[in-house]
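S.K.: Take this structure, written in structure tokens, and hold onto it; I'll ask about it next.
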Amino acid sequence: DAGITQSPRYKITETGRQVTLMCHQTWSHSYMFWYRQDLGHGLRLIYYSAAADITDKGEVPDGYVVSRSKTENFPLTLESATRSQTSVYFCASRSSRQGNQPQHFGDGTRLSIL
Amino acid sequence: SQQGEEDPQALSIQEGENATMNCSYKTSINNLQWYRQNSGRGLVHLILIRSNEREKHSGRLRVTLDTSKKSSSLLITASRAADTASYFCATDRSSNTGKLIFGQGTTLQVKP
């Protein structure tokens, strides 16, 4: 089915481990985004990508790495997880650079770091 | 800091009543969008209002925008239990086009 899917939906890991969250969209949208959602902070932008091989930092990029070798995939890696990175992570896509297009969100990955 | 701040943080009403949520922002914008988030799910786009528009309707939704006050409101008329969700405003700033800034959301509970 067309859409945007995130995996895994739930993940528990330990401090210091590397973990990768996957995001896949079937619309061939150019723009993709990673957000984290925390109580009291709403959604904060971690990284975004304008196209394959083009990525840029958002508001809270420290501790995260992204790549985009293919248009449809935009994985987010926590290189050495910390407890402060416990959060719900959302991937989103949009058809164009212009902010007048709606963003489409996945259902999120709930990540707990012990 | 967040561009959008929403008020109230939580709202509880009876089915059939109207629900009004407000969003304030700090800098000039190209447009403002409203999203809904059901529990355990991702955000879903509801409606977009451009900076040169004052009011927009979509079904039971009515959005207003007052750029002089840097505020917007979302009205849901004749609410239903299925409207229970969190609602977020998101602004597309004139200075940083394309990167939406989300508010912290209003949690709406509609009691049957």
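S.K.: Among A:22, B:21, A:32, which comes first, second and so on when ranked by fewest other beta-carbon atoms within 10 Å? Please report the intermediate quantities before stating the final value.
M.R.: Working: A:22 15, B:21 24, A:32 28.
Least crowded to most crowded, the residues run A:22, B:21, A:32.
S.K.: While we're looking at this one, here's another question. Can you tell me which of B:64, B:27, B:84 moves the most in a GNM of chain B? Springs connect C-alpha atoms under 10 Å apart.
M.R.: Comparing B:64, B:27, B:84 in the GNM, the peak value goes to B:27.
S.K.: Could I ask something else about it? Along each of its three principal axes, how wide is the spread of alpha-carbon positions in chain A, in whole angstrom units, largest first?
M.R.: If we take the Cα atoms of chain A, the spans are 37, 26, 25 Å.
S.K.: Assuming 1.002 mPa s and 20 °C, estimate D for the range B:1-50 with Stokes-Einstein, Rh taken as the Kirkwood radius over Cα pairs, in µm²/s.
M.R.: 165 µm²/s
S.K.: Also, I was wondering about something else. Which residue, chosen from B:43, B:107, B:74, occupies the Cα position most advanced towards the positive end of the dipole of the range B:13-112, where the dipole is computed from +1 (Lys, Arg) and -1 (Asp, Glu) charges on Cβ about the Cα centre?
M.R.: Most positive-ward Cα: B:43.
S.K.: Now a separate question. Enumerate lysine pairs in chain B that are 8 or more residues apart or on different chains, then count those whose Cα atoms are under 26 Å apart.
M.R.: 9
S.K.: Out of every Cα pair in the range B:66-112, what percent are spaced more than 15 Å from each other?
M.R.: In whole percent, the share of Cα-Cα pairs in the range B:66-112 beyond 15 Å is 57.
S.K.: Please report, in Å, the Rg and the Dmax of chain B, where both are computed over Cα atoms only.
M.R.: Considering chain B through its Cα atoms, Rg and Dmax are 13.3, 43 Å.
S.K.: Right, here's the next one. Points 7 angstrom from Cα along the Cβ direction at residue B:81 and residue B:38: gap in nanometres?
M.R.: 1.4 nm
S.K.: So how long is each side of the protein assembly as shown along the principal axes, counting just the alpha-carbon atoms, biggest first, in Å?
M.R.: So the extents along the principal axes, rounded to whole Å, are 48, 37, 36.
S.K.: Still on this model: Taking only Cα atoms and a 10 Å spring cutoff, compute GNM fluctuations for chain A and point out the largest among A:98, A:18, A:37.
M.R.: Of A:98, A:18, A:37, the most mobile in the Gaussian network model is A:98.
S.K.: Just A:84, A:95, A:67 to compare: in a GNM of chain A, with alpha carbon springs under 10 Å, which one fluctuates most?
M.R.: A:84
Any read-out appearing in this document is the output of simple, stated calculations on the displayed coordinates, not a laboratory observation. Since the structure is predicted, the reported quantities are computational estimates derived from the model, not experimental observations. Positions of Cβ are backbone-derived with ideal geometry, glycine not excepted, and every protein chain shown enters the neighbour counts.
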